[in-house]
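The values are calculated or read from the model by the stated rules, or taken from the named source; none is laboratory data. As the structure is a prediction and not an experimental result, all values here were calculated from the model. Here the Cβ is made from the backbone with ideal geometry for all residues, glycine too, and neighbour counts use every protein chain on show.
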């Protein structure tokens, strides 16, 4: 019954995403251009280094990491903040709240169809290409299992962060400024633009305590380090799971108290 | 009846609209302040990315941290006119798809002008401010010479470079007149603009030519910065910046207008 | 006689549209589809509109009304035929034409959203290069018709729909255009506001002798404002004449309402349908021309729409009285609205 409700929402999202006639090609070209840019940038960066290995990473390690990171970010791209902000500004949120499904779940399942399409159309092809090009530099085994599990958590954590930022729009009456700050914070502190391994140690210690690094850094460490022991893997997963639990409760709580605020003020 | 309208006519209207627009924006102070903070914050994080790289690596293909900051600052400055004056491009697809673009077609003035005049994006000034600070900081750190002509030349070069940014934005937004989901074209144009922040010497010859002649992103910061950054290594492309910029802007204007005039008001 | 201010000669407009497919497989198919079909939105329409006229341009949704308006305002170019508006071919000289016309779309304001209306007017004054004196005169005229102080200093986005429409109409007349196009100006407004808007339009038309083309679905607008109406459906022109000619052209219709049930009987749906059938049969066996009457039911009444050119009320009453008792009856003139509805439905012509 309720599975049907969700699956039909997901199907609608998939259908919608496939309507993009040329968009898929344009997006792919954009992603390739981005890869081209970071390839040349990091090649030039490594050319200036004294040794081919910097902070335990070679140029090809860095590239593999960054390619995966960008396609992870790509697949997890969400419009939740814009949706929420607009429906708050227009007052439509009052109607959305009448649905027979919690607002948070509705936003999640409404958007996830697009994420699934992106996973299939961008992440999977990218991953396959990387495996072929890197000629088996990444060993596949149980690490794949951990990666998939962790990437799933990343998607949900990313959603919770977006949902909380969307909730902030209830107070600010503005979307662009709030959203852009979220985008750059997530990009920088998740390790999507510069691998966290290259961060200065003092900053690295702080960044590893934040939830953002669990979005990109955690799943990628699990995938790219098949040599990790089970113990190491669970140590990596622990902060992610902790953040998942914290954000699960906090995002719901924050939304509910904010909602009370706007209903009291009469929208 | 001859209704030839000169540049003064347009300037007067533009000034009037912008003054009113800014006045009304000031009444939404929270939005204004948060957008401004968001803009500067984005620029700072962009710079932070460079800073992080340079914590572990001494240079990028012979370009040091300060030189990179100069290029970054220049690219922000040259992006300012597009951000401030042509920001309504970002709304174009929305008004085209919901059919309200038609309301711009009934005025006896230039359609492109009328549409763009509607929005003046103040937060672009935040970007401008950060760009100026970045350039001034690196200019000082690099001890670059400051001649009597440096400032006018810098303004001239920044303005020339800005034409490319405007043109690229026009072209990307105009795609909505033909495509059903044109947001991706705007995203692509943003990705392309990322190339402007880096010295094109890090690329191979093919890409360099591509970025010069096909998608002239290298003119947004790299070529026009050379007279200041590497006075002795100025290439012929630098001198071409203004001419090529006007040409590219003209093309983008023509494409935009062609799309707008083909618009039938039904949203495709 | 004066020459027409707008002239359409055999105007036709065709569009090419993509045939879309349904479902997941369909949308993938559409990615590569070249399957187009031609739609004729406006089909060989001709008309002359005289200066100072208020013309109601009517038709069901998708009839081709807005396509015609877009051609008259220069946004679309006809596939065939020619249009002249105030001595200009609008689609060749769009900006020049724009100087002489005003346009209002009921649902979307053309004023600057964030600005008080007076500031929008000020900008429009510059855009249309309105002389100081003409502008003052116009504002004085406006002041004599509506309460300008209440309207002008509020940002458009804070206005009610009615206020916004009022401002939009004022703005469209500001440069004293020869022609004003009003597209559903009273849509979504309450009764009081509707009549206020109609008054305003009437006043401005009278004061400035402005030609007005009005598209609407509201027959109240038509009755209040138009002497002449043009009806279009599926791109073809069905009617172009004075509103008083409408009933003449499409027959002299009256509606006869009968109560055939006593107060005790229950008028449920089945019973009413039965009665409709019965009356239809009775009339059918007596009147040979099947277009002379239409039988329907409304609540507990049987309604018979009669064309008095083909039959008459007394005969109809007689036929029915032979078969059934009539408890009560009313005779009504048919409204313009019903005639037009019948035209849309293809019941007439």
Within the range C:127-140, work out how many residues are crowded, with 16+ Cβ neighbours inside 10 Å and either away from every other protein chain (no Cβ under 14 Å) or in a helix (DSSP H, G or I) (or both). 4
Going through B:214, B:180 one at a time, which residue ends up being under 30 Å from residue C:109 (Cα atoms) and surrounded by fewer than 19 Cβ atoms within 10 Å (Cβ to Cβ)? B:180
Filtering the range B:208-234 down to residues that are farther than 16 Å from residue B:144 by Cβ and out of contact with any helix residue (DSSP H, G or I) (no Cβ under 7 Å at 6 or more places or on another chain), which residue is nearest to the other protein chains (Cβ to nearest Cβ)? B:210
So, residue C:75, is that one modelled with pLDDT of 80 or more and within 24 Å of residue C:174 (Cα to Cα) or not? yes
When residues of the range C:308-320 are filtered for being surrounded by 12 or more Cβ atoms within 10 Å (Cβ to Cβ) and over 32 Å from the mean Cα position of the chain (by Cα), how many remain? 5
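Of everything in the range B:53-67, what is assigned to a helix (DSSP H, G or I), facing another protein chain (nearest Cβ under 8 Å) and either under 20 Å from residue B:131 (Cβ atoms) or touching a strand residue (DSSP E or B) at 6+ places or on another chain (Cβ under 8 Å) (or both)? Give them in sequence order. Can you show your working first?
Pass one, the range B:53-67, residues assigned to a helix (DSSP H, G or I): B:53-56, B:65-67.
Subset that is facing another protein chain (nearest Cβ under 8 Å): B:53, B:55-56.
Correct list: B:53, B:56.
Under 23 Å from residue B:61 (Cα atoms), buried (at least 17 other Cβ atoms within 10 Å of the Cβ), at pLDDT 90 or above and in contact with a strand residue (DSSP E or B) (Cβ under 7 Å, 6 or more places away or on another chain): is that true of residue B:207 in this structure? I'd like the intermediate steps shown before the answer.
Values: under 23 Å from residue B:61 (Cα atoms): yes; buried (at least 17 other Cβ atoms within 10 Å of the Cβ): yes; at pLDDT 90 or above: yes; in contact with a strand residue (DSSP E or B) (Cβ under 7 Å, 6 or more places away or on another chain): no.
Judged against the criteria, residue B:207 is not a match.
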Looking at (1) surrounded by 16 or more Cβ atoms within 10 Å (Cβ to Cβ); (2) facing another protein chain (nearest Cβ under 10 Å), can you tell me which one residue C:107 breaks? (1)
For the range C:173-191, state whether one or more residues are touching a residue at least 12 places away in the same chain (Cβ under 8 Å) and exposed (fewer than 15 other Cβ atoms within 10 Å of the Cβ). yes
From the list B:120, B:101, B:106, which residue is closer than 25 Å to residue B:30 by Cβ and either surrounded by 19 or more Cβ atoms within 10 Å (Cβ to Cβ) or more than 14 Å from chain C (Cβ to nearest Cβ) (or both)? B:120
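Report the residue count in the range C:222-232 for those that are surrounded by 17 or more Cβ atoms within 10 Å (Cβ to Cβ) and farther than 16 Å from residue C:338 by Cβ. Walk me through how you get there before you give the answer.
Taking the range C:222-232 first, the residues surrounded by 17 or more Cβ atoms within 10 Å (Cβ to Cβ) are C:222, C:224-226, C:228-232.
Still in the running and farther than 16 Å from residue C:338 by Cβ: C:224-226, C:228, C:230, C:232.
Counting residues in the range C:222-232 that are surrounded by 17 or more Cβ atoms within 10 Å (Cβ to Cβ) and farther than 16 Å from residue C:338 by Cβ gives 6.
Does at least one position in the range B:24-37 carry a residue that is part of a helix (DSSP H, G or I), within 9 Å of chain A (Cβ to nearest Cβ), surrounded by 20 or more Cβ atoms within 10 Å (Cβ to Cβ) and in contact (Cβ under 8 Å) with a residue 12 or more places away in the chain? Write out each step before concluding.
Step one: filter the range B:24-37 for residues part of a helix (DSSP H, G or I), giving B:24-26, B:29-37.
With within 9 Å of chain A (Cβ to nearest Cβ) added as a condition, the list becomes B:30-37.
Applying the additional criterion that residues be surrounded by 20 or more Cβ atoms within 10 Å (Cβ to Cβ) yields B:34-35.
Still in the running and in contact (Cβ under 8 Å) with a residue 12 or more places away in the chain: B:35.
Checked against the condition, which is being part of a helix (DSSP H, G or I), within 9 Å of chain A (Cβ to nearest Cβ), surrounded by 20 or more Cβ atoms within 10 Å (Cβ to Cβ) and in contact (Cβ under 8 Å) with a residue 12 or more places away in the chain, the range B:24-37 yields at least one hit.
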Looking across the range A:143-180 at residues that are in a helix (DSSP H, G or I), at the interface with chain B (Cβ under 9 Å from one of its Cβ atoms) and crowded, with 20+ Cβ neighbours inside 10 Å, the single one that is farthest from the chain's Cα centre (by Cα) is A:177
Just to check your reading of the model, which residue among C:83, C:69 is more than 14 Å from every other protein chain (Cβ to nearest Cβ), surrounded by 15 or more Cβ atoms within 10 Å (Cβ to Cβ), in contact with a strand residue (DSSP E or B) (Cβ under 9 Å, 6 or more places away or on another chain) and under 26 Å from residue C:129 (Cβ atoms)? C:83
Under 7 Å by Cβ, and 6 or more places apart or on different chains, what pairs join a residue from the range A:15-41 that is more than 7 Å from every other protein chain (Cβ to nearest Cβ) and over 14 Å from residue B:192 (Cβ atoms) with one that is modelled with pLDDT of 70 or more and surrounded by fewer than 19 Cβ atoms within 10 Å (Cβ to Cβ)? A:24/A:121
How many residues of the range C:78-98 are over 24 Å from the mean Cα position of the chain (by Cα) and on the phi > 0 side of the Ramachandran plot? The answer is 1
Any residue at all in the range B:71-81 that's outside any helix (DSSP H, G or I) and away from every other protein chain (no Cβ under 12 Å)? no
Which one is farthest from the other protein chains (Cβ to nearest Cβ), of the residues in the range C:89-99 that are surrounded by 20 or more Cβ atoms within 10 Å (Cβ to Cβ) and within 21 Å of residue C:2 (Cα to Cα)? C:90
Looking at (1) in contact (Cβ under 8 Å) with a residue 40 or more places away in the chain; (2) in contact with a strand residue (DSSP E or B) (Cβ under 6 Å, 6 or more places away or on another chain), which is the only condition residue C:97 fails? (1)
Scan of the range A:70-99 for residues that are over 19 Å from residue A:157 (Cβ atoms), outside any helix (DSSP H, G or I) and free of Cβ contacts under 8 Å to residues at least 60 places away in the same chain, ordered by number: A:92, A:98, A:99
